[in-house]
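Notes follow once the structure below has been shown.
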Amino acid sequence: MNRSSLPPLNAIRAFEVAARKGRMVDVAEELNVTYGAISKQIRHLEDVMGIRLFEGPRNRLQLTEAGVKLQPQLTAIFDQLEASISSVVDSEEGALDVACIGTFMMRWLLPRLHRFSAHYPNIDVRLSTTTVTPNLANASCDLAIVVDSNNWPPNVDVTPLFTELVGPVMTPELEARFAVSETGSLMEQEGVPLLHSLTRRSAWEDWSTATGIPVLDTGKGTDLEHIYFMLEAAMGGLGAAIAPWALVSEDIRAGRLVAPFGFLPNGQVYTVISRDARRKKNKAFLAWIKSEAMSSPLWSDPGNV
């Protein structure tokens, strides 16, 4: 089959979306056409190719062996087509997809994002959460904000924001109850209740090793699924948590939390990775977030907070 005899692009696109989405209602929504139009385009594609791509009853269509083989190849082609067009059509408007660590998004990025929108009203920042460093070659985001030591995917632009500093935080009431500042210890009585995030289960042990300050049985305490829940529990007075300074600086400055032992670097760096830092939307966002990072409050010592 040569290029002149290829099926219409609309028919190929209808099949690719239908095969990827699975449900025709989702296909109709993405392509903004009726179910009948999609079915007609796929039937035409099958007629031109001379093979069946779907089989089974109308309400439970399944891909044939040929359909299973064809779908990922077409998806890759459309992804490449989108990337090729985007690389030429470069403007400071439209959607900008940013993936981000959930807690960093809620506690640091979202409270500041209105300033970016004020400067760039034509850029629509679309946020999604990620728990791993994505491979931007096949990810659906333009940029990703991650925390890592230096384990970056190949062929990405890297923009460091700031070093992660961590330390124990708790409410002033809990600190006073266990006299933590007076004794310089977390071992008094039965020990300060410890809070753990399952995403950083070794945080207390790592901090104790780094500082030489003993902690009563770092394996015990209350486990929370995510660091955001752990910080909420800490502010509710349920215990002490190892927290990044960037995520609790406002709570400490407002007196909702205290940090009796201060903060120290843990070797991780908050970083933005992007496919192409030279693209106008990427460049605008990177310049803005770098400025926000530089103007964020720095940890010095408890007396200066």
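The values are calculated or read from the model by the stated rules, or taken from the named source; none is laboratory data. Only a predicted model underlies this, so the values are computations on that prediction, with no experimental measurement involved. Don't worry about glycine lacking a Cβ; one is built from the backbone with ideal geometry, like all the others, and counts go over all protein chains shown.
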Task: Matching residues, region 57-74, being closer than 18 Å to VAL17 by Cβ and part of a loop (DSSP other than H, G, I, E, B) - done: LEU61, THR64
TODO: Please give the number of the condition VAL146 fails out of (1) modelled with pLDDT under 90; (2) assigned by TED's automatic domain parsing to the domain that holds ILE273; (3) β-branched (Val, Ile, Thr).
DONE: (1)
- [ ] Restrict the check to region 282-296 and report whether at least one residue is of a type in the set (D, E, K, R), within 19 Å of the chain's Cα centre (by Cα) and surrounded by 20 or more Cβ atoms within 10 Å (Cβ to Cβ).
- [x] no
Open item on the list: All but one of (1) among the aromatic types (Phe, Trp, Tyr); (2) outside any loop (DSSP other than H, G, I, E, B); (3) surrounded by fewer than 17 Cβ atoms within 10 Å (Cβ to Cβ) hold for TRP207; state the number of the condition that does not hold.
Closed with: (3)
TODO: Identify the residue in region 188-198 that is assigned to a loop (DSSP other than H, G, I, E, B) and within 36 Å of the chain's Cα centre (by Cα) and, among all such residues, is modelled with the highest pLDDT.
DONE: PRO193
Open item on the list: Suppose the filter is free of Cβ contacts under 8 Å to residues at least 24 places away in the same chain, surrounded by fewer than 14 Cβ atoms within 10 Å (Cβ to Cβ) and either in the same structural domain as PRO265 (by TED's automatic domain parsing) or of a type in the set (Val, Ile, Thr) (or both); does PRO154 pass it?
Closed with: yes
- [ ] Please go through region 226-258 and pick out each residue that is farther than 19 Å from VAL192 by Cβ and among the aromatic types (Phe, Trp, Tyr).
- [x] TYR228, TRP245
- [ ] Residue by residue through region 24-56, note down the ones that are closer than 17 Å to VAL68 by Cβ and loosely packed, with under 15 Cβ neighbours inside 10 Å.
- [x] ILE51, ARG52, GLU55, GLY56
Task: Restricting region 227-249 to residues that are assigned to a helix (DSSP H, G or I) and of a type in the set (Gly, Ala, Ser), the residue that is surrounded by the fewest Cβ atoms within 10 Å (Cβ to Cβ) - done: ALA233
Open item on the list: Tally up the residues in region 154-179 that are of a type in the set (S, T, N, Q) and not in a strand (DSSP E or B), please.
Closed with: 2
TODO: Could you check, for region 214-226, whether at least one of its residues is at pLDDT 90 or above and assigned to a helix (DSSP H, G or I)?
DONE: no
